[in-house]
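*Asks:* Shown below is the structure under consideration.
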Amino acid sequence: MRHIKLFEDFTFADLYAKDKWVELSMEDRSLLKYEVWKIVDIAYQPLGGHVRVSSPDAVINDPDLNFWTAVDIDKDPNVDCVIFSRPSHGHKISGWGHDGTKEARKELIKHLISLLHKQGFWIEVSGRPAEILIDSGCRYASQKTVEKIFVGSEINWLGSGLYTRTLPDGSITEQEYLVGLPTF
C-alpha cells in the first residue's frame, strides 16, 4: 500500500537538495507552508510576529508576497532560512525567517547581502540589521532615490542615508535606511 503524504508530512528535503538557495514556487509553498511559516515566526517572535506572515496560510494567501527563496543547511530535512519579497521597484524584501541557530542566521545574512548587490533587490531596514548590511558593503540609497520610491510620502531626511517617513495613516516610521538597488 502506498503512503500518501499530507501537507504537514512534506519537508524541504523532499523537494530540494541541501546547501542551495532555491526559489519556491506557489506549489512548493503550499506543500511547505507550515515549515516556512515556523521559521518566519521564530525570526519575528521577539517583535511579536511578522505583520503579514502571521500564519501558515499567509505563506500562500498574500498575493503581494510573490518571491520566496529558501535553503536547508544542516543535517535535519527542514528549511533553515527563507527570504521573501513583494514587487515594488524590483523586489522589496519584506521579511525573512531562520531556524534560530547561529549558522542559519549567518547564512541568511550572507544571502541577503548577495541579493542586495543585485539590481532590483532592496529593503527598508533599521537597527543592527542595517549596520550589518551597510558594514558588509551594501549601498544605502540617496535622498533622491528614497523620494522617487515613496512618491507622495513626506520624507524627513536625516542624512547619511537615514530617514523617517509619514505613512498614509499619519504614523511616522522609525529611523531607517533604504538599502540595495531598486529599479525604476
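*Asks:* Take the conditions among the aliphatic types (A, V, I, L, M), over 14 Å from residue 70 (Cα atoms) and open to solvent by less than 20 Å² (accessible area, probe 1.4 Å) and apply them to residue 116. Does it pass?
*Replies:* Answer is yes for this residue.
*Asks:* Scan segment 133-172 residue by residue and report those that are touching a strand residue (DSSP E or B) at 6+ places or on another chain (Cβ under 9 Å), open to solvent by less than 50 Å² (accessible area, probe 1.4 Å) and within 20 Å of residue 112 (Cβ to Cβ).
*Replies:* Those that are touching a strand residue (DSSP E or B) at 6+ places or on another chain (Cβ under 9 Å), open to solvent by less than 50 Å² (accessible area, probe 1.4 Å) and within 20 Å of residue 112 (Cβ to Cβ): 133, 134, 138, 141, 145, 146, 149, 161, 162.
*Asks:* Next up: Only one of these is in contact with a Cys (Cβ under 8 Å, 6 or more places away or on another chain), at pLDDT 95 or above, among the hydrophobic types (A, V, I, L, M, F, W, C) and at negative phi: 179, 146. Name it.
*Replies:* So the residue among 179, 146 that is in contact with a Cys (Cβ under 8 Å, 6 or more places away or on another chain), at pLDDT 95 or above, among the hydrophobic types (A, V, I, L, M, F, W, C) and at negative phi is 179.
For (1) in contact with a Gly (Cβ under 8 Å, 6 or more places away or on another chain); (2) hydrophobic (A, V, I, L, M, F, W, C); (3) on the phi > 0 side of the Ramachandran plot, each residue gets a yes or a no:
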residue	(1), (2), (3)
28	no, no, no
31	no, yes, no
34	no, no, no
47	no, yes, no
50	yes, no, no
59	no, yes, no
65	no, yes, no
89	yes, no, yes
110	no, no, no
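*Asks:* For residue 114, are the conditions met, namely being among the polar types (S, T, N, Q) and free of Cβ contacts under 8 Å to residues at least 12 places away in the same chain?
*Replies:* Taking the combined requirement at face value, the residue satisfies it.
*Asks:* Follow-up. Looking at segment 109-129 only, could you name the residues that are touching a Lys or Arg at 6+ places or on another chain (Cβ under 7 Å) and outside any strand (DSSP E or B)?
*Replies:* Residues satisfying the conditions do not exist here.
The values are calculated or read from the model by the stated rules, or taken from the named source; none is laboratory data. Every value quoted in this text rests on a predicted model; they were computed, and no experiment measured them. Cβ: placed from backbone, ideal geometry, glycine included. Neighbour counts: every protein chain shown. To get the accessible areas, we keep the full protein, side chains included, count just its heavy atoms, and leave off ligands, DNA and RNA. Shrake-Rupley method; radii C 1.70, N 1.55, O 1.52, S 1.80 Å.
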